Each structure stands twice: as structure tokens, then as C-alpha cells.
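Encoded as C-alpha cells, the structure appears first; notes follow it.
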Amino acid sequence: MTQFTATSPEQLLGLDQMRAMSGLEFLQGILDGKISGAPMATAMNLILETIAPGRVTFLGTPEFRHSNPMHTTHGGWAGAMLDSVLGCTVLSNLEKGSGYTTLEYKVNITRAIPMGLQMRAIGTSQHAGRSTGVANGEIRGVADGRLYATGSTTCIIL
């Protein structure tokens, strides 16, 4: 995976260019390193791993910079990872000319996420309609397979 992330707005794809692709084509461009991923993903140490219609995975490893004063990974890191995988899961179902925005998302953290342990977020589409998309997801440890968080989203299709 040779993904890159834009360091300036000029390196991001324009909205007209994005609308000329299906959601799956756009995600494939990110996966192939031809299109910039989300700049925020670099700050959160996340990378797109796999894509398929209605199913997306991300990998990420929380570091000290993602910790809270209690020496554990901040819950916002899990929230950002789930929001990313869930939104991309909805995006994977969209046809050319469509976009989306998150209407709401929910996160349930089931156990503390250890710093330094690689995590995999898996998003699965539950509904892909004309006006809304719904997806569920989970974060599991790559090495231990344990469930660390779950989430769900509803997105508005634009």
C-alpha cells in the first residue's frame, strides 16, 4: 500500500473530479496511492486497508500522542477510526455524481485500547438507499482478535 496524504488543499482532488467517479473508484484511487486520503488520517495514524462494495477496512495503531492523562488511548481516536471506516463503507456504495455527509454516528468502547497495539476497523453496509446510507462497524486488535469498540452511522446521500 503506497497511499499518500495531501499536505496542502491544492493536492486534494476537486469536487467535480470526485463526482466523476463512483465511491468505489474514488476509494480505489486512495488505496492505489493515486488520490490523497484524508489529511486527518495521518494525524490519527490510520490507513485504508481494503475496499469492496459495502465493506471497508482500516488499520491503525494508537501512539502516545493519542493518549489521555490516564495512560490509555483517548476515546476520540476510536471515534475517528470508526467514523472513517463507516463513512467510507457508505461511500463504497455510491454511484458517480453522488456524495455523502455523516448525519450521526455512535461509538461504544468495550475495553481500553492499548497504545501500540495495531487495530483493524471493519465497516459493513446495512442500507444503501437514494437518500441515506447506514453502516455498522467494529474495531478489533489485529494480534489478539479482541473486540475493542463498535459503532454505527447514518449518512445523508447528496
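General observations
Matching residues to (1) on the phi < 0 side of the Ramachandran plot; (2) of a type in the set (D, E, K, R); (3) buried (at least 16 other Cβ atoms within 10 Å of the Cβ):
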position: 23; (1), (2), (3): yes, no, yes
position: 32; (1), (2), (3): yes, yes, no
position: 54; (1), (2), (3): no, no, yes
position: 60; (1), (2), (3): yes, no, yes
position: 76; (1), (2), (3): yes, no, no
position: 97; (1), (2), (3): no, no, no
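- Qualifying residue in region 121-138 (condition: closer than 23 Å to residue 69 by Cα, at pLDDT 95 or above and surrounded by fewer than 16 Cβ atoms within 10 Å (Cβ to Cβ)): no
- Only listed residue being touching a Ser or Thr at 6+ places or on another chain (Cβ under 8 Å) and of a type outside the set (Ser, Thr, Tyr), chosen from 111, 55: 55
Quick grid of which residues meet (1) hydrophobic (A, V, I, L, M, F, W, C); (2) under 17 Å from residue 27 (Cα atoms); (3) without any contact (Cβ under 8 Å) to a residue 12 or more places away in the chain:
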| residue | (1), (2), (3) |
| --- | --- |
| 42 | no, yes, no |
| 70 | yes, no, yes |
| 77 | yes, no, no |
| 92 | no, yes, no |
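- Any pair with Cβ under 8 angstrom, 6 or more apart, that starts in region 142-157 at a residue that is under 15 Å from residue 62 (Cα atoms) and touching a residue at least 12 places away in the same chain (Cβ under 8 Å) and ends at one that is assigned to a loop (DSSP other than H, G, I, E, B) and β-branched (Val, Ile, Thr): 148/110; 148/113; 149/110; 149/113
- Within region 78-90, the residues that satisfy the criterion of being touching a helix residue (DSSP H, G or I) at 6+ places or on another chain (Cβ under 8 Å), farther than 11 Å from residue 155 by Cα and either surrounded by fewer than 24 Cβ atoms within 10 Å (Cβ to Cβ) or not aliphatic (A, V, I, L, M) (or both) are 80, 84.
- Residue in region 56-67 that is under 27 Å from residue 10 (Cα atoms) and free of Cβ contacts under 8 Å to residues at least 60 places away in the same chain present: no
The values are calculated or read from the model by the stated rules, or taken from the named source; none is laboratory data. Values in this document were obtained by computation on a predicted structure and should not be read as measured data. Here Cβ is always computed from backbone atoms with ideal geometry, including for glycine, and neighbour counts include all displayed protein chains.
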